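Each reported figure results from applying straightforward, stated rules to the coordinates on display, with no laboratory input. Treat the numbers as computed from the prediction; the structure is a model and nothing was measured.
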């Protein structure tokens with residue numbers, strides 16, 4: 001008969017920690033993520049994170065995966081918009097809401113970190129991009145436009161979001177999105 005050594009991580013505690021870490025990263029960003037300040041902010045210990053997630057990298061991957069899942073669900077729902085213009089307007093309105101703009105900040109941080117830690121951040125950036133690209137490609141196809149233009153539209157939208165995150169000029173960013181729609185039509 002085998003004996004079990006040690007306790008198994010409580011999946012409910014892991015989920016609660018993951019939710020708290022996601023909120024922390026959305027609020028603070030990911031550039032300077034360190035376990036000690038994170039643990040202190042969440043009133044827990046670094047040992048608790050290691051116990052439930054294995055390592056700082058695994059914790060960050062899990063948190064970014066949760067953010068990506070939220071983003072993907074929203075994009076799939078927005079992708080049901082009947083027209084390309086409605087999809088882009090819906091995506092933009094959704095993206096610039098205060099809570100969603102935090103996701104854009106994390107995505108901007110991750111894009112800048114891909115160069116130094118590609119294994120950690122590239123899957124997150126690619127997941128965000130592929131969800132949006134699929135929705136845009138589908139909407140363009142329904143509108144009779146070349147679906148190959150989806151990459152250009154997504155690059156313009158994500159670049160405009162990065163500009164908004166960096167400069168905070170929502171009027172200019174919204175005008176850019178409107179100009180994009182005119183150019184694609």
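Before moving on, here are some points about what is shown:
- The chain: calculated mean residue ellipticity at 222 nm from DSSP helix runs of at least 4, using -39500 (n - 2.57): -25500 deg cm²/dmol
- With the convex hull drawn around the C-alpha atoms of the stretch 19-90, the volume per residue stands at 94 Å³.
- Isotropic mean projected area of the C-alpha convex hull, the chain (nm²): 13.1
- Degrees, to the nearest 10: 56-78 long Cα axis against longest axis of the chain: 30
- Potential extension, residue 73-residue 55 segment - 0.36 nm per residue separation minus Cα distance: 3.8 nm
- On Cα atoms only, tilt of 11-28 relative to the major axis of the chain in degrees: 50
- The base-10 log of I(q)/I(0) for the stretch 42-131, evaluated at q = 0.12, 0.18, 0.22 Å⁻¹, reads -0.45, -0.87, -1.10 [Debye formula, identical scatterers on Cα atoms, solvent excluded].
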